[in-house]
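Computed from the coordinates by the stated procedures, all read-outs in this text should not be read as laboratory data. None of these values were measured; they are calculated from a predicted model. No Cβ is skipped: glycine too gets one built from the backbone with ideal geometry, and neighbour counts run over all protein chains shown.
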There are 2 protein chains.
Amino acid sequence: MEWATISGKNRIGGRESSLGPGGHMAFNPIEHEAMEPVFTVATSAEIEKACSLAWDVFYSDVFGWAERANLLDKIAENIEAIGDPLLERAHAETALPLARLTGERGRTCAQLRMFATAIRNGEVGQETHITADPDRQPMPRPELRRRLYPIGPVAVFGASNFPLAFSVAGGDTASAFAAGCPVVVKAHPAHPGTSELVARAIDEAIKALGLPPGLFSIVFGGAEVAAELVQHRFIKAVGFTGSKGAGRALFDLASRRPNPIPVFAEMGSVNPIFVLPGALQEREEALAAGYVQSLTMGVGQFCTNPGVLIVPDDAAGDQLVEHIEQALMNIEPSPMLTSEMAMRYEEGVSKLRHNLAIQPRFAPDGSSDGLVRPALFQAALSDAIESLEAALNAKADAIHSDFLEEIFGPAGLVLRASSVEQMLKFAKLLPGQLTATVQSAKDGENGLESLVSTLSRAVGRIVLNGFPTGVEVNAAMHHGGPYPASTDARFTSVGTAAIDRFLRPVAFQSIPDSMIP
Amino acid sequence: MEWATISGKNRIGGRESSLGPGGHMAFNPIEHEAMEPVFTVATSAEIEKACSLAWDVFYSDVFGWAERANLLDKIAENIEAIGDPLLERAHAETALPLARLTGERGRTCAQLRMFATAIRNGEVGQETHITADPDRQPMPRPELRRRLYPIGPVAVFGASNFPLAFSVAGGDTASAFAAGCPVVVKAHPAHPGTSELVARAIDEAIKALGLPPGLFSIVFGGAEVAAELVQHRFIKAVGFTGSKGAGRALFDLASRRPNPIPVFAEMGSVNPIFVLPGALQEREEALAAGYVQSLTMGVGQFCTNPGVLIVPDDAAGDQLVEHIEQALMNIEPSPMLTSEMAMRYEEGVSKLRHNLAIQPRFAPDGSSDGLVRPALFQAALSDAIESLEAALNAKADAIHSDFLEEIFGPAGLVLRASSVEQMLKFAKLLPGQLTATVQSAKDGENGLESLVSTLSRAVGRIVLNGFPTGVEVNAAMHHGGPYPASTDARFTSVGTAAIDRFLRPVAFQSIPDSMIP
């Protein structure tokens, strides 16, 4: 496509803009070299312009349900139209394999189209209607219609680990557009070129449909640009996927505004897998293989990566851990998304290595050239319980424990359980998680139902006899969870329900249908 | 009822508790005297106990949908069973007329029963189910069921202006119970006796149904007790109705927790009424009468009180203001809920009186004996627009303007508009409101649709040719609105949708229906 070029400039309401002096370049984590061009960091004036344009569009009446569905479809079409150059740039910027990126592009476009279909099928934004009753005593009942309207301009933050599916035209942008909200994206600095290409696909879609260009802007920059965007008076909600530190920082800025706004930050978790004794008896080798695959898939760079595995402390459990360890040893060193991430992964592994209550099983020393290897640690579940209980008894709100600290990457911690009762005790102490998984004998076994019930208090999704990686995109998905998994457990960032984050109800009292916007 | 006594003690999981040294008494705003008994301020130990009991109940499996519906019904029955002593105590504590309190009790019980019916009819907590597809390529699709679960123990804050409908067993508690959440209420200090009576009705209902007593506790105290409760590690959400200052303080505490929790604070607004020229021509006298009734109903102590009236600046408009002024002069001085509120009302009126851009029309000097009189002011809409534009141009997030400051009580500000276009301009600048009302000619008129459309961006409910006071309780109601009307525009505190505030989804992947809690 002739429009699919990379200029390194912010795009404010469809127009290139580069008022700022400096910028940053993308970095190829395999070749270890910076890539052209320089991306201009957005200035305050550019952010102001992007948000003002979005505000004006928000007050216009041109972005109804039909236009939203058409836009989503057209964006998907345009992303596909870019073709291989998009995948190649994404591969160069993230080191993610082309096959994976092809799949991710498919998911991104399928998601956009699914949201469009959900709108056309009337699954989004349903009306609640109560008719008038002039004879009601002691007062007549007025007619009421409750409909869902866009919350206002949304700031979207691209995620490093999904350069397509959770970035410029990913789940947050798709949700915001589906809800009728103008969007201002801050591109993730790790894949700015991919971001610009997708941003151009969005701008072209807006142009092709004759919609106002202020519906969408993209800005480049770091934490300062992020902070300015989240605090802008015209931004009314935030979508974010990433680390706990960055997510919490955005949440704090948004909550401390004179006019606070909602932030949906999906911040990941350790996604524990509970292996019940019957499962171990039935399929120990399959469990080892499945766990290793889930832990190391995409170099462990998924928010649903199963960082913690709870295994009975018996001979069968020993066997499982042994098999996992052997399989991990055979895995080749791989590049992470950025060299900074590889460094942080090594730091996390090193922290576990220095914890006296935790034994390294397979924890090879540091990476070379940004390539990392999987790691496996082991500890007693009783020690993890003790650390959680200590926090609880100290009346600490944030139940912090080194045993449950997420390490972004392919590092696993096996916690050895003396009994199913001990697993249940641990489950009741568990802080918020995106997912938890239970492995049980195929026909069920003692403790399974109690475990599922207990976990339902602290977890967004519970998987039986499967693995948490691989998040389905549909209306029944819930990808979220109590803090610190996300900043609002009532919402999901995956699936059509993600649209609800950016809709708000308005009740119309005694107003004829024809007059309601 | 033999259990309907007032002891002045906290009730922790159904048991009286008074570990603290001091306390406060209720004050009769008509008789100007303190009322027995002394209410013991809750200690940290009592708050800890209440929250711990709630936490244990949250992790039990005994409070399913059927039990919730039964509990809501039983609470309504028990509140009615208290009979006149409840109304008499409420009247003595709040000065609200018995007829009003009788109506409010009816509303409270109807609301509890409506929530029970909604549960039994399956209108709450619907499942989303996607079946498995083992043949899907490239990967089989797992079965997913998304169901709604309680968010955890909820802290509820009683409101001063609705001692029954928005207090101990009011909308927040009803919503939390309907969602399956244990509740810890902090009673409003202005009506502690009423609060204790209703708390006993709840405890008796829990006992009668054999549910765990830890489902409900009530504590007495002031800002310190409130702060401790909102920050308690076992409290997972907050429901509040009251002033902007108090609501924001709770929101800030909750947002700054190590593990932030959602706060739904409904904080009121000025609820502007736009009078279009055609309406004025058609029914000027009826508009004056309707406005005066809405403004002074309940001594103006409603969050939907119409504090701002936008009126064309012409002879017909003069006539309307004249009629409103005359009607207000004839209204007898009345007691507010508390003498502190009467004082704050006088302060608010005095502030308008000293604003050079605002002319007093009828603004009698100070109250005597805590009795207050209505007040009416007038200003140019252009001045209000100017103050809002100045804030916007200064890039201020909180669009503050003296013209839009809520005065809790029967004070109205008339803003005179030079044209319908000017009204539209004002509507686009309006900060978040619970409601806005448009008065138009019966057959519609120029500007009506644009006004409704523009207002839909900033308002929770739009009323046509009616008045905002009198909030229907049903599934189509939305009682909320963008900040500062509430802290989360996506939720309502009135109607069955209020239950959603305290539910969170959990997705069950490949888990048979029979095994899902």
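Pick out, from A:PRO189, B:GLN509, B:ALA384, the residue whose Cα sits farthest towards the positive end of the charge dipole of the protein assembly as shown, with +1 on the Cβ of Lys and Arg and -1 on the Cβ of Asp and Glu.
So the residue furthest toward the plus end is B:GLN509.
I need to check one value: relative contact order of the stretch B:1-117, counting alpha carbon pairs closer than 8 Å and at least 6 residues apart, in percent.
Once divided by the residue count of the stretch B:1-117, the mean separation gives 25 percent.
Can you give the charge dipole size of the stretch B:417-491 about its Cα centre, rounded to the nearest 20 debye, using +1 on the beta carbon of Lys and Arg and -1 on the beta carbon of Asp and Glu?
With only Lys, Arg, Asp and Glu charged at Cβ, the dipole is about 200 debye.
Please report which chain A residue places its beta carbon nearest the axis carrying chain A onto chain B, with the distance rounded to a whole angstrom.
Minimum Cβ distance to the axis, with residue: A:SER255, 2.
Please give the direction-averaged projected area of the C-alpha convex hull for the stretch B:220-308, in square nanometres with one decimal.
Computing the convex hull of the Cα atoms and averaging its projections yields 7.7 nm².
List the aspartates and glutamates whose Cα lies under 20 Å from the Cα of B:LYS207, skipping any in the same chain that are fewer than 8 positions away.
B:GLU2, B:GLU16, B:ASP56, B:ASP61, B:GLU67, B:ASP73, B:GLU77, B:GLU80, B:GLU196
Using only the alpha-carbon atoms, what does chain B span along each of its principal axes? Please give whole angstrom values in decreasing order.
71, 71, 40
Place a +1 charge on the Cβ of each Lys and Arg in the stretch B:333-473 and a -1 charge on the Cβ of each Asp and Glu, then give the dipole magnitude about the Cα centre in debye, rounded to the nearest 20.
Its charge dipole is roughly 160 debye.
Charges on Cβ only, +1 for Lys and Arg, -1 for Asp and Glu, centred on the Cα centroid of the protein assembly as shown; of A:VAL420, B:GLY268, A:HIS232, which one is farthest towards the dipole's positive end?
Toward the positive end, the furthest listed residue is A:VAL420.
Let me know the mean shielding of B:463-475 by other chains, meaning the per-residue number of their Cβ atoms within 10 Å of its Cβ.
Counting other chains' Cβ atoms within 10 Å and averaging over B:463-475 gives 4.
If contacts are Cα pairs under 8 angstrom and at least 6 residues apart, what is the relative contact order of chain A in percent?
17 percent
Hey, got the dipole for the stretch B:1-107? About the Cα centre, +1 on K and R Cβ, -1 on D and E Cβ, debye to the nearest 20? Display every interim value, and only then the final one.
On the way: 10 positive and 17 negative charges, 37 e Å.
Roughly 180 debye, rounded to the nearest 20.
Can you give me the Kirkwood hydrodynamic radius for the protein assembly as shown, using every pair of distinct Cα atoms, in Å to one decimal?
This gives a value of 30.0 Å.
Quantify how strongly other chains surround peptide B:242-254 by giving the mean number of their Cβ atoms within 10 Å of each of its Cβ atoms. It would help to have the intermediate numbers written out before the result.
Values: counts 0, 0, 0, 0, 0, 0, 2, 0, 0, 2, 3, 0, 1.
Mean inter-chain Cβ contacts per residue within 10 Å come to 1.
Within straight cross-link reach of A:LYS395, meaning Cα distance under 13 Å, which aspartates and glutamates are found once same-chain residues fewer than 8 apart are removed?
Within reach: B:GLU48, B:GLU228.
Two-decimal Rg/Rh of the stretch B:122-277 from alpha-carbon positions, Kirkwood Rh?
A ratio of 1.12.
Relative contact order for the stretch A:160-298: what is it in percent, counting Cα pairs under 8 Å that are at least 6 residues apart? Working shown, then result.
Details: 131 pairs, mean separation 24.0, N = 139.
It comes to 17 percent, rounded to a whole number.
Quick check: Cα centre of the stretch A:101-169 to Cα centre of the stretch A:1-63, how many Å?
27 Å
Please work out the Cα center distance from the stretch B:66-100 to the stretch A:465-489, rounded to the nearest Å.
For the stretch B:66-100 versus the stretch A:465-489, the Cα centre distance is 42 Å.
Pairs B:LYS244/B:LYS351; A:LYS186/A:LYS351; A:LYS428/B:LYS244; A:LYS428/B:LYS9; A:LYS425/B:LYS74: which are spaced more than 29 Å apart, C-alpha to C-alpha?
In this structure, A:LYS186/A:LYS351; A:LYS428/B:LYS244; A:LYS428/B:LYS9; A:LYS425/B:LYS74 lie more than 29 Å apart at Cα.
If you take the charge dipole of the stretch A:1-129 about its Cα centre, with +1 on Lys and Arg Cβ and -1 on Asp and Glu Cβ, which of A:ILE12, A:MET1, A:LEU53 is farthest toward its positive end?
Sorting the options by dipole projection puts first A:LEU53.
Kindly give Rg over Rh for the stretch A:16-158, based on alpha-carbon atoms, with the Kirkwood expression for the hydrodynamic radius. Could you put the intermediate results ahead of the total?
Values: Rg = 22.6 Å, Rh = 19.6 Å.
Rounded to two decimals, Rg over Rh is 1.15.
For peptide A:451-461, compute the average count of partner chain beta-carbon atoms within 10 Å of each residue's beta-carbon. The partial results should precede the final answer.
Numbers: counts 0, 6, 6, 3, 2, 10, 11, 3, 3, 4, 7.
Counting other chains' Cβ atoms within 10 Å and averaging over A:451-461 gives 5.
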